[in-house]
Amino acid sequence: MVDAGVDVAVDGDERGLNRYERQIKIFGEEGQGRLRRAKVTIAGAGGLGSVSAAYLTVAGVGRIRVVDHDVVELSNLNRQILHWEKDIGREKAESFEEKLSQMNSEVEVAVMGQRISEDNVADVVKGSDLIVDAMDNFQTRYLLNRVALEKKIPLFHGGVYGFEGQVTTIIPGKTACLRCVFPEAPAPETFPVIGATCGVIGCIQATEVVKYIVGAGELLKNRLLVWDGLDARMEEFAVERNPACEDCGELR
Ligand SMILES: [Zn+2]
């Protein structure tokens, strides 16, 4: 849960109360205040990132940092719904900044047009309350996992493939880390995917993030939720920390 801090929720701001009325009914002005004070890093401005960033923006998460080095291509548009035809050739980070600021001008959106590497990953997550893994490759995911463990920042993992997807919520030192769940990276490939799969998985990630920030419900801790769109089934697998995990084995 993100610290409640000292200032009161939406400071009695009528517009804020009105805008978030339907969700304040769930978690109160205090929860809304927590959202507003939250700082979230979204790693990846692609299909998953489009969905989680949009829902976290409309929910009123105060500060959102988006990190992506890529440029929008025509073949991205079947799933990366924050990028439109007019954005082809433009930096994805820049395209996100424009769309998210227009969705909710109260949200502070910052972008980093950089490829996440060993050298900059600490900067990428600096000052963040949590990280959304909206990446498309395990090499980068492992970097995020390691820095999340080191800095004790929760990591919200999501992945998609075709009609299938998976989600889990990693709380450093408490739950299985990404490396415990996936000890080895699958071979890199240009994988198939439909946009709606990113929608399902990105929405679950955004739901987990909101729950974590406001302190509601049960998180996907030590649980890997797997969506099989072709069969229209959701299955859950228990996962656990590997005491010999090369990334979190030593962590307390
Ligand atoms: Zn681990």
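The values are calculated or read from the model by the stated rules, or taken from the named source; none is laboratory data. Here the structure is a predicted model, which means the values were calculated and not measured. FYI the Cβ positions are ideal-geometry reconstructions off the backbone, even for glycines, and counts take in every protein chain you see. The accessibility values were calculated without ligands, DNA or RNA, using every heavy atom of the protein model including side chains. Shrake-Rupley method; radii C 1.70, N 1.55, O 1.52, S 1.80 Å.
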(request) Could you please find all residues in region 167-188 being among the charged types (D, E, K, R) and either closer than 15 Å to Gly46 by Cβ or more than 16 Å from the ligand (Cβ to nearest atom) (or both)? (result) none
(message) Being within 16 Å of the ligand (Cβ to nearest atom), of a type outside the set (Ser, Thr, Tyr), out of contact with any strand residue (DSSP E or B) (no Cβ under 9 Å at 6 or more places or on another chain) and under 26 Å from His69 (Cα atoms): is that true of Arg146 here?
(response) yes
(message) Test of understanding: among Val61, Val66, which residue is of a type in the set (A, V, I, L, M), open to solvent by less than 10 Å² (accessible area, probe 1.4 Å) and closer than 28 Å to Phe163 by Cα?
(response) Val66
(request) Identify, by number, the condition in (1) out of contact with any Lys or Arg (no Cβ under 7 Å at 6 or more places or on another chain); (2) in contact (Cβ under 8 Å) with a residue 40 or more places away in the chain that Cys245 doesn't meet. (result) (1)
(request) Of the conditions (1) hydroxyl-bearing (Ser, Thr, Tyr); (2) in contact with a Lys or Arg (Cβ under 9 Å, 6 or more places away or on another chain); (3) open to solvent by 60 Å² or more (accessible area, probe 1.4 Å), Thr207 clears all except one; give me its number. (result) (2)
(message) Let me spell it out: the conditions are (1) of a type in the set (Lys, Arg); (2) closer than 23 Å to Leu143 by Cβ; (3) part of a helix (DSSP H, G or I); (4) out of contact with any Asp or Glu (no Cβ under 6 Å at 6 or more places or on another chain), and Lys211 meets all of them except one. Which number is the exception?
(response) (2)
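One line per residue, one yes/no per condition, for (1) surrounded by 15 or more Cβ atoms within 10 Å (Cβ to Cβ); (2) within 16 Å of the ligand (Cβ to nearest atom); (3) small (Gly, Ala, Ser):
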residue: Thr190; (1), (2), (3): no, no, no
residue: Met234; (1), (2), (3): no, no, no
residue: Ala238; (1), (2), (3): no, yes, yes
residue: Pro243; (1), (2), (3): no, yes, no
residue: Arg252; (1), (2), (3): no, yes, no
(message) When the residues of region 160-178 are narrowed to those that are closer than 19 Å to Val121 by Cβ and either polar (S, T, N, Q) or surrounded by 22 or more Cβ atoms within 10 Å (Cβ to Cβ) (or both), which ends up nearest to the chain's Cα centre (by Cα)?
(response) Ile170
